[in-house]
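Visitor: Below you'll find the structure I mean.
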Ligand code: G1P
């Protein structure tokens, strides 16, 4: 029977090596994009789709994430006294959400991180959001995936067409196109070399999964990069049930990468009414300076 998606998992235990030294003692997920930490974009995206329980997988040096989503009595009182109603509302909206934290004791990979959430998810379908994949807040990717899950009653994975030069950074699928943006997946490979990639359709960090994936994850061996890979578990699940891919054509930022992070900051700052006008003027100034220097 089809069940409502009420829970979402946010893996956040990674070491953030691509952002060292910034991430030596602070979580990558807390790096700010304009005025919000990276992970807040994913939390707000899930909340807008009716998710009620937010399960964050944390690890060493990740306590700032818990503090960020907790109530902050002194700060809230001081905002109240200062009459900063808007800011107060924005801050207290977050801590009304229902968070659970699970500590992944060793960085054994994405598959292992998801497996750690098994006792919280129990027997329900759930979403997974990788917070360093930032989806343009004006797009409805997760909601479209939930709708597709309801229609097909099968797991749905977000896909994006990427350049073959970048394919080795992703899980990659092979599939049969069944609709405008829908693929029935026939194979999945984690981070293949370009010459071995079955297509240019990369898995991006949004998944709607069913709880039977936990049984498969329990038996998955260490794969690519010596880690327990979610992609390998999905490969195993494919033998038991159909899995679908949803091709996303909107804007995604790989904010776990320095260049992707900078692009996210620029685009999201241009959309942010608090800074957009001033920032646009500044960008024009910079662009003019660059142009005149080449
Ligand atoms: C993870 C997954 C990979 C997926 C990617 C999307 O890799 O293992 O299949 O394509 O996220 O961002 P990571 O980027 O954590 O190495």
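Visitor: Of 44, 174, 277, which has the largest mean-square fluctuation in a 10 Å C-alpha GNM of the chain?
Guide: For the chain, modelled as a Gaussian network with Cα springs under 10 Å, the answer is 277.
Visitor: Suppose only helical runs count, i.e. DSSP H with n ≥ 4. What mean residue ellipticity at 222 nm does that imply for the chain under -39500 (n - 2.57) per run, divided by all residues and rounded to the nearest 500 deg cm²/dmol?
Guide: -10500 deg cm²/dmol
Visitor: Roughly how large, in nm² to one decimal, is the mean projection of the convex hull of the alpha-carbon atoms in region 198-274?
Guide: 7.6
Visitor: Oh, and also: Arranged by the count of other C-beta atoms within 10 angstrom, fewest first, what order do 186, 58, 17, 23 take?
Guide: Numbers: 186 13, 58 22, 17 10, 23 18.
Result, fewest neighbours first: 17, 186, 23, 58.
Visitor: Could I ask something else about it? Note the per residue figure in Å³ for the convex hull of the C-alpha positions in region 147-294.
Guide: Roughly 166 Å³ of hull volume per residue.
Visitor: Over 5 Å intervals from 0, what percent of Cα-Cα pairs in region 1-58 sits in each interval?
Guide: Per 5 Å bin, starting at 0, the Cα pair percentages come out as 4, 18, 22, 21, 16, 9, 6, 2, 1, 0.
Visitor: What's the Kirkwood radius of the chain in Å, using all Cα pairs?
Guide: About 20.2 Å, per the Kirkwood formula over Cα pairs.
Visitor: Over the Cα atoms of region 159-241, each weighted equally, I'd like the Debye log10 I(q)/I(0) at q = 0.14, 0.25 Å⁻¹, rounded to two decimals.
Guide: At q = 0.14, 0.25 Å⁻¹ the computed log10 ratios are -0.46, -1.34.
Visitor: Calculate, axis by axis, the spread of Cα positions in region 1-100 along the three principal axes, and write the results as whole Å, longest axis first.
Guide: The Cα atoms of region 1-100 stretch 47, 40, 21 Å along their principal axes.
Visitor: While we're on this one: Considering only 274, 28, 105, give the residue with the highest GNM mean-square fluctuation for the chain, with springs between Cα atoms whenever their separation is below 10 Å.
Guide: In this elastic network of the chain, the residue with the biggest mean-square fluctuation among 274, 28, 105 is 274.
Visitor: GNM, the chain, Cα, under 10 Å: largest mean-square fluctuation among 61, 41, 149?
Guide: 61
Visitor: Taking all pairs of distinct Cα atoms, average 1/r, flip it, and tell me the Kirkwood hydrodynamic radius of region 122-178 in Å to one decimal place.
Guide: Kirkwood hydrodynamic radius for region 122-178: 13.6 Å.
Visitor: Okay, next question. Where does region 255-294 land on Rg/Rh, using Cα atoms and the Kirkwood Rh?
Guide: Rg/Rh for region 255-294 comes to 1.06.
Visitor: Hey, how many Å between the Cα centroid of region 148-217 and the Cα centroid of region 243-294?
Guide: Comparing the Cα centres of region 148-217 and region 243-294, I get a distance of 26 Å.
Visitor: May I ask for the angle, rounded to the nearest 10°, between helix 38-48 and the longest principal axis of the chain, with both axes built from Cα atoms and the value confined to 0 to 90°?
Guide: Value to nearest ten degrees: 70.
Visitor: Can you give the % of DSSP beta bridges in the chain that are antiparallel, to the nearest 5? Walk me through the intermediate numbers first.
Guide: Details: 25 of 43 bridges.
Here the share of antiparallel DSSP bridges comes out near 60 percent.
Visitor: Right, here's the next one. What number results when the radius of gyration of region 50-151, computed over Cα atoms, is divided by 2.2 N^0.38 Å? Could the numbers behind the result be given before it?
Guide: Details: Rg = 16.6 Å, N = 102, 2.2 N^0.38 = 12.8 Å.
Rounded to two decimals, the normalised Rg is 1.30.
Bear in mind that the values in this text are calculations on the coordinates, not laboratory data. Everything numeric in this text was worked out from a predicted model, so none of it was measured. Here Cβ is always computed from backbone atoms with ideal geometry, including for glycine, and neighbour counts include all displayed protein chains.
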